[in-house]
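Worksheet for the structure shown next.
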Amino acid sequence: MQSVCVYCGSSHGADPAFADAARAVGLLIAESGRTLVYGGGHVGLMGVVADSALAAGGRVVGVIPRTLMEREVGHGALTELHVVESMHERKALMADLSDGFLALPGGVGTMEEFFETWTWAVLGLHGKPFGLLDVAGFYAALLAFLDRLLEQGFLREHHRAMLLVGRDPGALIDAMDAYQAPEVPRWIGRDET
């Protein structure tokens, strides 16, 4: 896993532990010689994770839609910044540039990106690892809901097992490194998404 896509909030959130985790993740990615791929912003947890990786000498690649860049939320000091035309193009390019995906705390945009990545894996479009960093129990309710989906027959056990969850950034990245994707039949092609 040479590049890690990080999904996270464009705000800092209510708990200072969220920013601490974003700093730790940026530092870990940089110190391990990996590339950080993220949404290209300088605001919120996105800015924190990028600044942390940059401060540690890491390579940071941002992907941002033109409309957000024009609203001055784009980070001006990245190793590489791709300005794209749509959110769909943003997500596709971030996925292409990444060997794994990690979600920190965030809002509906973070969840949408993360669940689309998981859906692509379920459909057999990729076999890359993806994890949730459960900072201060942020994802506890979501994990309980996922268990409910499993109980009610809306999620299969082998699809639930694809999701890696951890509270320690280093241990979660190690688990992502060791991830072996299950054999999943391809349901649709990438051009059909």
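The values are calculated or read from the model by the stated rules, or taken from the named source; none is laboratory data. Computed from a prediction, not measured in an experiment: that's the story for all the values here. All Cβ positions, even for glycine, are placed from backbone atoms using ideal geometry, and neighbour counts span all protein chains on display. Side chains included, ligands, DNA and RNA excluded: accessible areas come from the protein's heavy atoms. Shrake-Rupley method; radii C 1.70, N 1.55, O 1.52, S 1.80 Å.
A few notes on this one:
- Within region 6-27, the set of residues being in contact with a Gly (Cβ under 6 Å, 6 or more places away or on another chain) and open to solvent by 60 Å² or more (accessible area, probe 1.4 Å) comprises Ser10, Ser11, His12.
- Given (1) in contact with a Phe, Trp or Tyr (Cβ under 9 Å, 6 or more places away or on another chain); (2) open to solvent by 60 Å² or more (accessible area, probe 1.4 Å); (3) more than 28 Å from Ala14 (Cα to Cα); (4) not acidic (Asp, Glu), index of the condition Lys128 fails: (2)
- Scan of region 145-173 for residues that are aliphatic (A, V, I, L, M) and open to solvent by less than 20 Å² (accessible area, probe 1.4 Å), ordered by number: Leu146, Met162, Leu163, Leu172, Ile173
- Among residues of region 69-98, those that are assigned to a helix (DSSP H, G or I), aliphatic (A, V, I, L, M) and more than 19 Å from the chain's Cα centre (by Cα), counted: 1
- In region 1-19, residue farthest from Asp174 (Cα to Cα) [restricted to those that are free of Cβ contacts under 8 Å to residues at least 40 places away in the same chain and out of contact with any helix residue (DSSP H, G or I) (no Cβ under 6 Å at 6 or more places or on another chain)]: Ala14
- Counted residues, region 44-67 - those being open to solvent by 50 Å² or more (accessible area, probe 1.4 Å) and either among the hydroxyl-bearing types (Ser, Thr, Tyr) or more than 17 Å from His12 (Cα to Cα) (or both): 5
- Test: residue in region 178-193 that is modelled with pLDDT under 95 and among the small types (Gly, Ala, Ser): yes
- You will find that of Leu143, Leu132, Leu155, Leu164, the residue that is part of a helix (DSSP H, G or I) and either modelled with pLDDT of 95 or more or not acidic (Asp, Glu) (or both) is Leu143 and no other.
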